Amino acid sequence: MSVFPAASAGKPAVVDPAVVDKMIHPAPMPRRVRTRLTSRTASLVSILIAVLWTTPTVGLLISSFRPEDEIKTTGWWTFFAAPHLTLDNYQDVLFGRSSSSGQLAGSFINSIVITIPSVLFPIAFAAFAAYALAWIRFRGRDWLYVVIFALQIVPLQMALVPLLRFFSLGVTLGGVQILPAWNLEGAQQFTTVWFAHTCFALPLAIFLLHNFMSELPGELMEAARVDGAGHAVIFRRIVLPLIVPALASVAIFQFLWVWNDLLVALIFAGGSERTAPLTVRLAQLAGTRGNEWQRMTSAAFVSIVIPLIVFLSLQRYFVRGLLTGSVKG
């Protein structure tokens, strides 16, 4: 039975919501596995792991609000005996008078400007490429997929020098300038960071999305083609709704990678205050103010707020993407 309305209806093809719901939601786990994961022992172990995992973050948060004299003389756990809170640490770090003592607000914005395009660009390109490699037949498709898979083993550091030469000198072949040098300055240097992160992320993103897309039922694609849908309609109305968990998983990995990156941002964007992200400023702050723990703790917590929000917001899609296809019901 077709998943699309009749062609004579004159309406755009839409996928059956029941089919979408069946594909997006993973099959239930076997009863034996579910029983083991929900036992008292498993619950106790999970709680213990969660407590151990979150204790350093809680200590970091408490320390970021403690006065300078207390944080330098006592541990964060003594806060519960004599609680004293202050916002001076965040005030100094975010809006300090000198760059050596803080002013991370501008770097926080720079990190957002760097991270969002560096996540959206590779995901968009990888989704198109993965669909082509999974569902469009063309000569050399398998070899192209093998090459993309092999690119994952190339260390990032090996590509830094060629990319720098590409940005600074362009491309010359036989003495003929094919592509000019970029010669970007100031805020324009964000473009080189986006380009670099996109290039480094594409092999893994294409590999993951291709594996996810290739597991979609071929009958669904054939039914769409019978109803007259082309690749653009199939990708937009069938594939995209079904790969949301995979897209969210890739987005989380890429976001955390770019947000915590120091090497690429420092090399391609420079260490100036106008373009430096949080990681670069934190490294500078650690070198100049390493003895002022109250500022280091508040600066560190500022840097992890956005990743925590992103992960908690996309957690259900992330778990769903990991579980989809892992069991059969």
Anything in the range 275-310 that is open to solvent by 70 Å² or more (accessible area, probe 1.4 Å), modelled with pLDDT under 80 and of a type in the set (A, V, I, L, M, F, W, C)? List them, or say none. Trp293
Which number in (1) over 19 Å from Phe255 (Cβ atoms); (2) surrounded by fewer than 18 Cβ atoms within 10 Å (Cβ to Cβ) marks the one condition that Ala132 misses? (2)
Within 23 Å of Ile116 (Cα to Cα), buried (at least 20 other Cβ atoms within 10 Å of the Cβ) and β-branched (Val, Ile, Thr): is that true of Val244 in this structure? no
Just checking, does the range 73-80 include any residue being within 16 Å of Met296 (Cα to Cα) and buried (at least 16 other Cβ atoms within 10 Å of the Cβ)? yes
With the requirement that a residue be at pLDDT below 80 and among the polar types (S, T, N, Q), what does the range 252-274 give you? Ser272
One residue is enough: does the range 16-24 have a residue meeting the conditions part of a loop (DSSP other than H, G, I, E, B), over 21 Å from Thr297 (Cα atoms) and at pLDDT below 85? yes
Counting only helices (runs of 4 or more DSSP H) wholly inside the range 216-288, the ones holding at least 1 residues that are in contact (Cβ under 8 Å) with a residue 12 or more places away in the chain and under 30 Å from Leu104 (Cα atoms) are 244-259, 263-268, 278-288
Pairs, please: C-beta under 8 Å, at least 6 apart or cross-chain, first residue farther than 18 Å from Leu60 by Cβ and in the range 80-101, second at pLDDT below 80 and assigned to a loop (DSSP other than H, G, I, E, B)? Phe95/Gly102; Phe95/Gln103; Gly96/Gly102; Gly96/Gln103; Ser99/Glu273; Ser100/Arg289; Ser101/Arg289
Applying the selection to the range 81-99, what residues are exposed (fewer than 10 other Cβ atoms within 10 Å of the Cβ) and either in contact with a helix residue (DSSP H, G or I) (Cβ under 7 Å, 6 or more places away or on another chain) or not aliphatic (A, V, I, L, M) (or both)? Arg97, Ser98
Leu120 passes all but one of (1) touching a residue at least 40 places away in the same chain (Cβ under 8 Å); (2) closer than 22 Å to Phe195 by Cα; (3) aliphatic (A, V, I, L, M); which number fails? (1)
May I ask you to say which residue of Leu266, Leu256, Leu262, Leu242 is farther than 30 Å from Leu160 by Cβ, of a type outside the set (Ser, Thr, Tyr) and in contact with a helix residue (DSSP H, G or I) (Cβ under 8 Å, 6 or more places away or on another chain)? Leu242
Condition check: under 28 Å from the mean Cα position of the chain (by Cα) and part of a helix (DSSP H, G or I). Does Thr78 satisfy that? no
Test for Ser272: is it under 24 Å from Val305 (Cα atoms), open to solvent by 50 Å² or more (accessible area, probe 1.4 Å), more than 22 Å from the chain's Cα centre (by Cα) and of a type outside the set (D, E, K, R): yes
Looking at Val113, Val147, which one is open to solvent by less than 70 Å² (accessible area, probe 1.4 Å), modelled with pLDDT of 85 or more, under 29 Å from Thr191 (Cβ atoms) and not in a loop (DSSP other than H, G, I, E, B)? Val113
Scan the range 162-177 and give yes if some residue there is of a type in the set (D, E, K, R), at pLDDT 85 or above and assigned to a helix (DSSP H, G or I), otherwise no. no
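The values are calculated or read from the model by the stated rules, or taken from the named source; none is laboratory data. Predicted model, so just to flag it, every value in this text is computed and none were measured. Every residue, glycine as well, gets a Cβ built from its backbone with ideal geometry; the counts of neighbours run over all protein chains shown. With ligands, DNA and RNA removed, areas are computed over all heavy atoms of the protein, side chains included. Shrake-Rupley method; radii C 1.70, N 1.55, O 1.52, S 1.80 Å.
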